[in-house]
Amino acid sequence: MLGVWLLLWGSVALGGRADTAFLHRALDSSGHCTYSFTVASPVEAACPEAAGGVPELRAELAALSARLSRLESRERGMGGSGPRGAEPGGARDPQQVASTARLEAAYGELLRAKSRLEEEKGRLEREKEELGRRLESSAQEITRLRAARCPPGREGPSRDTLPPAHAVPDPAAAPRWEPQPLAYQELQSERTEVPVSRLLEETALGRPGKEDSAGCGQLVWVGEPVVFGRADSIAGKYGVWMKDPEPVPPFTRDNTWRVDTVGTEVRQLFQYEEAEQLARGYPAKVHILPRPLESTGAVIYRGGLFFQPRQSRSVARYDLRGETITAEREIPGAGYHGQYPYSWGGYTDIDLAVDETGLWVIYSTEKARGAIVLSKLDPETLEIRRTWETNIRKRGVANSFLICGTLYTVSSYSAPNATVNFAYDTATGTSRALSIPFENRFRYLSMLDYNPAERQLFAWDSFNMVTYPVRLSRA
């Protein structure tokens with residue numbers, strides 16, 4: 001197009017004649033671009049220069065040259081094939097090609113990084129919205145619980161969170177809010193189907209044979225739970241409540257004790273004059289333990305609270321009269337703080353128990369490979385008198401208790417129709433399978449102990465303090 005334009009320009013410069021003009025571009029020996037402009041003529045006189053020159057033609061040619069230079073500069077700026085913008089033959093400079101490729105690669109990487117950042121921003125915004133919804137839901141639940149504990153119209157600066165004396169706990173009103181406290185773990189229950197002998201099946205169906213109402217015997221029946229009280233705060237989802245089967249003055253068998261065990265610094269031991277006071281929620285005294293206890297394995301026996309100090313493999317005795325720790329002893333090799341808990345978790349590695357024969361500690365060790373280990377303790381010095389190693393896996397059962405020197409385990413902490421599924425007799429050193437029905441009414445059994453004086457099981461089932469009647473029979 002440029003040659004045609006020059007050809008037309010040359011025709012106009014020559015006064016509109018139809019003479020043919022040619023423009024030729026070529027590289028000379030030094031590599032510079034040379035332009036040649038020729039006009040065909042039959043006679044020498046037809047050339048304006050030969051005729052002495054025409055000033056107007058020279059001016060037009062100078063303007064044409066300037067115009068051509070500007071076009072060439074513009075072509076080089078646009079990456080055209082000008083004399084300085086390309087090698088002969090139209091090939092591009094290798095350095096320029098490499099530089100362009102690097103710039104394009106860097107630009108592409110920047111675009112990809114931008115895309116990743118936008119995706120990350122979107123994900124964070126979605127997580128922020130989800131967290132906001134959860135916080136809002138938790139705030140609404142807390143408001144609901146506070147409203148339930150503090151209904152409108154109640155007054156009083158100190159007892160506005162306590163139920164009235166005539167209130168009757170509602171066992172069906174279990175709260176739906178079940179947060180996971182940092183200080184506790186919750187594991188899944190493991191249940192194993194085992195064969196049941198005909199004799200044990202018959203006793204479980206209500207044909208126990210000769211019942212032993214005075215002395216020791218074998219467990220053959222567990223009744224339905226009876227609710228005695230209910231925790232009024234989230235700290236009472238898990239806990240332990242108990243009576244002393246062998247109290248010392250000034251305490252009696254009517255004194256009832258309770259510990260809410262949700263938290264990392266559990267130190268409060270609530271004392272009640274009787275079980276009815278526990279139901280009303282007004283303690284007669286609150287003991288502050290010198291050391292925080294761990295989990296739900298504590299018991300009251302002979303005027304002392306026996307418990308596991310937090311994050312230790314020791315057992316301690318807190319004297320209820322002197323309000324001091326009078327003994328402490330380490331259980332050799334015992335797992336603690338989540339090594340060998342029951343199936344529900346809760347750091348229930350070390351569990352204390354009382355029966356007709358005295359004080360026991362239930363635990364496991366690395367040597368036992370997670371199987372339940374039993375040790376009989378001296379209640380004054382906590383010295384280990386004797387130890388038994390069972391073949392019952394501790395993580396495979398929900399809880400355990402002792403009656404007349406025999407260890408019994410429960411299959412599940414959450415199944416409504418669980419069973420007392422194993423028994424280990426310390427007198428013979430043998431275990432057997434059982435299938436005695438056991439009801440988890442509120443679906444979260446975190447504590448279970450036997451009281452030999454009342455011949456009942458005391459349990460803590462998702463905020464609720466309950467008892468189970470039991471029946472024993474001779475073999």
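The values are calculated or read from the model by the stated rules, or taken from the named source; none is laboratory data. The model shown is predicted, which means the values in this text are computed figures rather than measured ones. Please note: Cβ atoms are built from the backbone with ideal geometry, for glycine as well, and neighbour counts cover all protein chains shown. Surface areas here come from the heavy atoms of the whole protein model, side chains and all, with no ligands, DNA or RNA. Shrake-Rupley method; radii C 1.70, N 1.55, O 1.52, S 1.80 Å.
Restricting to segment 345-393, name every residue that is farther than 23 Å from Pro247 by Cβ and open to solvent by 60 Å² or more (accessible area, probe 1.4 Å).
Glu366, Lys367, Arg369, Arg386, Thr387, Glu389, Asn391, Arg393
When the residues of segment 330-344 are filtered to those that are assigned to a loop (DSSP other than H, G, I, E, B) and open to solvent by less than 10 Å² (accessible area, probe 1.4 Å), which remaining residue is farthest from Thr426 (Cα to Cα)? Lay out the reasoning, then the answer.
Taking segment 330-344 as the starting set, the residues that turn out to be assigned to a loop (DSSP other than H, G, I, E, B) are 331-333, 335-341, 343-344.
Retained after the next criterion (residues that are open to solvent by less than 10 Å² (accessible area, probe 1.4 Å)): 331, 335, 341, 343-344.
Working: Ile331: 19, Gly335: 21, Pro341: 21, Ser343: 23, Trp344: 25 Å.
Filtering first and then ranking leaves Trp344.
Just a yes or no: is a residue in segment 307-329 in a loop (DSSP other than H, G, I, E, B) and under 25 Å from Asn421 (Cα atoms)?
Filtering segment 307-329 for residues in a loop (DSSP other than H, G, I, E, B) gives 308, 310-313, 320-323.
Now restrict to residues that are under 25 Å from Asn421 (Cα atoms): none.
No, the conditions are met nowhere in segment 307-329.
Could you count how many residues in segment 399-416 are part of a strand (DSSP E or B) and free of Cβ contacts under 8 Å to residues at least 40 places away in the same chain? Spell out the reasoning first.
In the first step, residues of segment 399-416 are kept if they are part of a strand (DSSP E or B); the result is 399-403, 406-410.
If we keep only those that are free of Cβ contacts under 8 Å to residues at least 40 places away in the same chain too, we end up with 409-410.
Matching residues across segment 399-416 total 2.
Name the residues in segment 369-418 that are more than 20 Å from Gly346 (Cβ to Cβ) and among the small types (Gly, Ala, Ser), would you?
Ser375, Gly405
Consider segment 234-262. How many of its residues are closer than 22 Å to Ser414 by Cβ and open to solvent by 10 Å² or more (accessible area, probe 1.4 Å)?
Within segment 234-262, residues that are closer than 22 Å to Ser414 by Cβ and open to solvent by 10 Å² or more (accessible area, probe 1.4 Å) number 4.
If we keep just the residues of segment 292-313 that are surrounded by fewer than 18 Cβ atoms within 10 Å (Cβ to Cβ) and touching a strand residue (DSSP E or B) at 6+ places or on another chain (Cβ under 8 Å), which is nearest to Met465 (Cα to Cα)?
Pro292
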